[in-house]
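The values are calculated or read from the model by the stated rules, or taken from the named source; none is laboratory data. All of these numbers come straight from a predicted model, not from anything done at the bench. Cβ coordinates were reconstructed from backbone atoms using ideal geometry, including for glycine residues, and neighbour counts include every protein chain displayed. For the accessible areas, the whole protein counts, side chains as well, though only heavy atoms, and no ligand, DNA or RNA atoms are used. Shrake-Rupley method; radii C 1.70, N 1.55, O 1.52, S 1.80 Å.
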Amino acid sequence: MRARIAPLVAVAVGAALGLTLSLTPSADASRNSSGTYALPTGNPVVPGTTISSTWANSTLGDISSELTDSLSRSGKGAMQAPLKLATGTVAAPALSWDADPDTGLYRPSAGTVAMSADATQVQTWTAAGTNFKRPANFDVGLVADGGVTASSLTVSGATQLATLNVSGTATVAGQGMFTGGAAAVTLKPGTLNHTYMEFYSNSALPAVRSGYFGYPGAFSNSMVLANEAAPNGQITLVPSSGEVVLSGTKFSITGATPASGTGFYNAVTPKNIVKAWATITTTGGGSTATTVLDGFNVFSASVSTTQLTVNMTANMANNNYAILVTPFASTISCGAVFNGANSFSVSCRDISGSTLPFPFYNFQTSGSIRMHIAVLGAQPNP
């Protein structure tokens, strides 16, 4: 400012020394489009010319106008046009604080606004959405129409997101609702090679897990639904309508085998379901041909005079299994004994007569016979 007022001081000194200055009235000047200010025409003052009020008033008036058009550091007045910032860098953002010059906003590329903290980029904004570069905590609900990517996310209120990608831990203290349809929730293993959901149902014991669902071990092919809640820890399926369907070719029931005297009501255990069954017919009339019409876990059947031998595909755990035999004919009574863990023999007696003991039924020489067979007991896990 002193450099611009210096010509006025020179004029005053010249007048005091008896010098004559002649000035031409000047036109108002202003800043150009780059913001550079130039003094009005007639500046600088030429020594030996006459001081003119027109020149002085015009120059001082122009300076007054430009000072008025400048932005006050103390907040007097406000911008009357958009404020344009320098591009800035992550270490020296265009908009920052005097006490923290490496924290603020800058423009890393066209169409992108970024925020830095301690010279580190922490967030960017583009037309496609918001990208979190570092963990971000939110104490209120988060609403986003676009995608959100974060290394971790904490939300204490309701959350509404079009897309949420969290590579770390996501904590929602309120309720989360997913309305995307199809794969609304996708769990991926990252580098751990397994993924599952944990449940903590007891608010009095927030650190004690009540159960989990998923693949609990690395490279595991077994999906587990486990209820660890004490004391019962049972899993109950209650369909409001329709049915519960298990589709596939193999189902296993594992766990502790209950003692023989244990009472159960409407419960399925490893021992109280049929492990093998079959409907078998013999040909008779001198033939040893035997046919397994239908069944499960029965590999083959064969006859030899008074014995029908049945071989099971999978072994039983031991020889303590029950064999139930029901012949179609009311004149035949049958029973069975085990030969080993995967084989048993059936023998029948003809009870049509009155002579005791009833004679054995000869499967080879007598007529054909059809019977149902069922096996119950424990099997080893494969």
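Where in the stretch 306-344 does the amide nitrogen come within less than 20 Å of the point 7 Å from the Cα of ALA259, taken along Cα to Cβ?
320-321
Between THR186 and SER210, what's the calculated FRET efficiency when r is the beta-carbon distance and R0 is 25 Å? Round to 0.05. Mind showing how you got there, number by number?
Details: r = 24 Å, r/R0 = 0.94.
With R0 = 25 Å, the Cβ-Cβ based efficiency is 0.60.
In whole percent, and with a 1.4 Å probe on the protein chains, what portion of the accessible area of the stretch 260-372 is carbon and sulfur?
52
Can you compute log10 of I(q)/I(0) for the stretch 288-382 with the Debye formula, treating each Cα as one identical point scatterer, at q = 0.23, 0.24 Å⁻¹?
-1.22, -1.31
For the stretch 188-250, just the Cα set please: Rg and Dmax, both in angstrom.
Cα-based Rg and Dmax for the stretch 188-250 come out at 14.6, 42 Å.
On each of the three principal axes of the Cα atoms of the stretch 219-362, give max minus min coordinate, whole Å, ordered largest first.
62, 35, 35
Return one whole number: the accessible area per residue of the stretch 269-348 in Å², for a 1.4 Å probe.
That works out to 48 Å² per residue.
Given a Förster distance of 25 Å, report the FRET efficiency between THR355 and THR305 from their Cβ-Cβ distance, rounded to the nearest 0.05.
My answer for the efficiency is 0.80.
How do SER210, SER304 rank by accessible surface area computed with a 1.4 Å probe, from largest to smallest? Could the numbers behind the result be given before it?
Values: SER210 15, SER304 70 Å².
Highest to lowest solvent-accessible surface, that is SER304, SER210.
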